[in-house]
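Written out below as structure tokens is the structure these notes cover.
Nothing in this text is a laboratory measurement; each read-out follows from the coordinates by a stated rule. Keep in mind that what you see is a predicted model, and the values were worked out from it rather than measured. Note that we place each Cβ from the backbone using ideal geometry, even for glycine, and neighbour counts take in every protein chain shown.
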Amino acid sequence: METRQLGFGGPQLTTVGFGAWAAGGPYVFGWGPQDDNDSVAAMLKYLELGGNWIDTAAVYGFGHSETVVGRAVREFGQPVFVATKCGRVRGATAADRPQSDLRPESIRQQLDASLQRLQLDCVDLFQVHWPDNDTGTALEDSWGMMATLQDEGKCRFIGVSNFDVPLLEKCHAIRRVQSLQPPYSLLRREIEAEILPWCLENGVGVVAYSPMQAGLLSGSFDINRVAEDDWRRKNPFFQEPELTKNLAIVERLRPIAEAHGKTVGNLAAAWVLSHPALTCAIIGARSPQQVAQNMASADWPLTDEEKMNVLAALGH
Ligand SMILES: NC(=O)c1ccc[n+]([C@@H]2O[C@H](COP(=O)([O-])OP(=O)(O)OC[C@H]3O[C@@H](n4cnc5c(N)ncnc54)[C@H](OP(=O)(O)O)[C@@H]3O)[C@@H](O)[C@H]2O)c1
């Protein structure tokens, strides 16, 4: 599988990364019920098919996803590049929305807890999940602690997620931002204007999340399969009339994918990967079957004509 370098001086990662959010199981931002054995089997399938990195976060199932990732990595028995995130913590009760916490000492404690759950001494990529709008901590202090933890060898690379250019610049002035993890899909293209050009210019790797817009663009999405406690039930992309409009786009994309014997999900991820600033697309999966389909997104360079046809299918 094709690999690309994650930012200036970074490691070679496979263009398809495994996203372990759903492996967190039910919680306030969960994907409904998810069997741990299915999650481990999905991760092992991904690694056996040549993928080399897994993305998780402390907040996914309040630690549960990291525990499951740790189990899969141990079962695989060979090196796997593991990325996790800090900065989102449980609210007053498990039913409350997670809160931001990027206070320096908290970041240190959050990393120690993640390493324990993952059963690792060092995490390969440690990312700030979201800017902190709750504790009033100065970003310079938070990023300073990220750099300290890197110097201490507790994480090899440090990155951010959901940051805009001013925030990226603030961090980059203190210590290199190895990567940005932004949302990017055919239905969410805001980062094309400023963020992607900035990353390209500054040698910051881009690992895009939700390339299939949380499964909506997979080509076989069915709202009736979505559990009552799945976060997508409340998300605007999945509400009418948007849902019907989005599924009509899927049908217009289908012939382009099928001409190559691929799924619409493969096309959606291949399109994301066709942007020159992109390093990887992180694709979530809940079973080995989904993984097997999703891996066909890699090694598919779209022609200019196909890219034009994809954009035409959006109806712009
Ligand atoms: N940094 C952040 O703030 C942030 C935010 C979001 C995501 N992420 C990361 O990015 C990863 C990927 O994003 P995502 O999971 O939101 O979106 P995604 O990759 O666009 O969609 C994944 C979902 O699509 C469905 N799916 C996967 N393969 C399929 C297939 N072959 N056929 C049909 N359905 C399929 C599955 O859900 P169903 O089967 O239930 O439909 C799966 O959970 C996450 O796991 C996480 O690691 C990060």
(request) Of the options Leu187, Pro236, Pro197, report the single residue whose Cα projects farthest towards the positive end of the charge dipole of the range 163-269 (beta-carbon charges: Lys, Arg +1; Asp, Glu -1). (result) Pro197
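Taking only C-alpha pairs under 8 Å that are 6+ residues apart, what is the relative contact order of the range 241-316 in percent? Write out the running numbers ahead of the final one.
On the way: 49 pairs, mean separation 27.2, N = 76.
The value is 36 percent.
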(message) For the chain, take every pair of Cα atoms, bin their distances at 10 Å starting from 0, and report each bin as a whole percent.
(response) 6, 28, 37, 24, 6, 0
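Could you calculate the contour length gain from Glu105 to Asn235, that is, 0.36 nm times the residue separation minus the distance between their Cα atoms, to one decimal place in nm? The partial results should precede the final answer.
Numbers: separation 130, 0.36 × 130 = 46.80 nm, distance 3.31 nm.
43.5 nm is the gain from fully extending Glu105 to Asn235.
About its Cα centre, how strong a charge dipole does the range 3-313 have in debye, to the nearest 20, once Lys and Arg get +1 and Asp and Glu get -1 at the Cβ?
Details: 28 positive and 37 negative charges, 48 e Å.
Value, rounded to 20: 220 debye.
Find out how many positive minus negative residues lie around Gln239, taking Lys and Arg as positive, Asp and Glu as negative, among other residues whose Cβ is under 11 Å from that of Gln239.
Details: positive: Arg232, Arg233, Lys234, Lys245; negative: Glu240, Glu242.
Spelling it out: positives minus negatives among the neighbours equals +2.
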(message) Bins of 5 Å, beginning at zero and ending with the bin holding the largest distance: percent of Cα pairs per bin for the range 161-306, please.
(response) 2, 9, 18, 20, 18, 15, 10, 6, 2, 0
(message) How big is the range 13-129 along each principal axis, measuring the range of its Cα positions in Å and listing the largest first?
(response) 40, 30, 24
(request) Eight or more residues apart or on different chains, and alpha-carbon atoms under 30 Å: count the Lys pairs in the range 3-313 matching that. (result) 13
